[in-house]
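Single-structure report; data block below.
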Amino acid sequence: TSLSILLFCSAYLLGSISSAVLICRVFTLPDPRKTGSNNPGATNVLRIGGRLPASLVFIFDVLKGTIPVYLGYLLGMSPITLGLVGIAACLGHIYPLYFNFNGGKGVATAIGAMLPLGWELCSLLLACWLLIIFITGYSSLAAIISVSVAPFITWFVKPAYTAPVTMLCILIIVRHRQNIIRLMNGQESKIWDKGRTKE
Ligand code: G3P
C-alpha cells in the first residue's frame, strides 16, 4: 500500500542520517570515514573519541531502526512489511543519501530494527556479541557471528520474521568483507585499540 511505501522511504531517509559523522563534527573529532577503520559507526567513534560520542552514535543508530519498525508495528503492518522497513532503514545507514552513499555497516541499526520483535532475540544477540568481544576483542567478528546466529534464533522465537532477518544478516556480513579479509590476515584492530587499523 501507499502507507507502506511512505514508511519504506521515511525509514531509508532517517537511516541515511550518518550520526557518526555528525556527532564527530559536534565533538570536533576527525571524520570517522577518514580515520581508524574509515567506518562511520560506533566502534570506530569509540577508537577516535572514546565512550561518550560512541554511545551517542550507538543510541542514535539503534533508534534509526527501532522508530520506523515500531511505527509500522503500531500501524498493524505484516511481518514481511516490517522486515522490509527494517531493511530500508539499514540500507539508509549503509548507503546514505546525504553522505555520497558512503555509510556504515548496519549493525546498530539492525539491532534497533529487531528490538520491536521482543527482548528475547535482542538480548540473546547482545549476549553473543559481548561474549565474542570478551573472548577476542574484535567488534567486527562479534557482529559477524551474532548476525550469523540471528536467523536461527528468530526461527525459534518469531518464525514469521526469519526471511527478513536473514536478508538483513546477509547484507551486514557482505558489508563486513574488508573486516573479514583483515581478520584472516591478522590485521584487524581490537575494539579498545585507539587510532588506525593495523597496516
Ligand atoms: O559495527 C561495525 C563493526 O562491526 C566493525 O567496525 O570500525 O571495526 O570496521 P570497524
Is at least one residue of the stretch 155-164 more than 18 Å from Phe58 (Cβ to Cβ), over 14 Å from the mean Cα position of the chain (by Cα) and assigned to a loop (DSSP other than H, G, I, E, B)?
yes
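Go through Ala160, Ala108 for me and flag whichever is modelled with pLDDT of 95 or more and of a type in the set (Gly, Ala, Ser).
Details: Ala160 fails: modelled with pLDDT of 95 or more.
Only one candidate passes the filter, namely Ala108.
Confirm whether Ile5 is of a type outside the set (Asp, Glu) and buried (at least 18 other Cβ atoms within 10 Å of the Cβ).
Details: of a type outside the set (Asp, Glu): yes; buried (at least 18 other Cβ atoms within 10 Å of the Cβ): no.
Answer is no for this residue.
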Restricting attention to the stretch 182-191, does a residue exist that is aliphatic (A, V, I, L, M) and either closer than 21 Å to Gly50 by Cα or buried (at least 17 other Cβ atoms within 10 Å of the Cβ) (or both)?
yes
Condition broken by Leu115, with the remaining ones in (1) assigned to a loop (DSSP other than H, G, I, E, B); (2) open to solvent by 40 Å² or more (accessible area, probe 1.4 Å) satisfied:
(1)
Single condition Ala110 does not satisfy, out of (1) in contact with a Cys (Cβ under 6 Å, 6 or more places away or on another chain); (2) surrounded by fewer than 20 Cβ atoms within 10 Å (Cβ to Cβ)
(2)
Return only the number of the condition from (1) touching a Cys at 6+ places or on another chain (Cβ under 9 Å); (2) at pLDDT below 95; (3) of a type in the set (Gly, Ala, Ser) that Gly50 does not satisfy.
(1)
Of a type in the set (Val, Ile, Thr), open to solvent by 20 Å² or more (accessible area, probe 1.4 Å) and either touching a Ser or Thr at 6+ places or on another chain (Cβ under 8 Å) or at positive phi (or both): does that describe Ile132?
yes
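Among the helices (runs of 4 or more DSSP H) contained in the stretch 19-85, which hold 3 or more residues that are open to solvent by 60 Å² or more (accessible area, probe 1.4 Å)? Spell out how you get there, then give the answer.
On the way: elements: 19-26, 42-49, 51-74.
Those helices (runs of 4 or more DSSP H) span 19-26, 51-74.
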Looking only at the stretch 105-124, decide whether some residue is within 15 Å of the ligand (Cβ to nearest atom) and among the basic types (Lys, Arg).
yes
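Can you tell me which residues in the stretch 34-49 are on the phi > 0 side of the Ramachandran plot and more than 7 Å from the ligand (Cβ to nearest atom)?
Of the stretch 34-49, the ones on the phi > 0 side of the Ramachandran plot are 36, 38.
Scanning the stretch 34-49 gives a single hit, Asn38.
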Output for the stretch 135-181, where each listed residue is open to solvent by 40 Å² or more (accessible area, probe 1.4 Å) and not aliphatic (A, V, I, L, M)
Tyr138, Ser148, Phe152, Trp155, Phe156, Lys158, Pro159, Thr166, Arg175, Arg177, Gln178
Looking at (1) among the charged types (D, E, K, R); (2) out of contact with any Asp or Glu (no Cβ under 6 Å at 6 or more places or on another chain); (3) assigned to a helix (DSSP H, G or I), can you tell me which one Lys105 breaks?
(3)
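The values are calculated or read from the model by the stated rules, or taken from the named source; none is laboratory data. Remember, it's a predicted structure, so these values are computed and weren't measured experimentally. Cβ: placed from backbone, ideal geometry, glycine included. Neighbour counts: every protein chain shown. The area values use the complete protein model at the heavy-atom level, side chains included, leaving out ligands, DNA and RNA. Shrake-Rupley method; radii C 1.70, N 1.55, O 1.52, S 1.80 Å.
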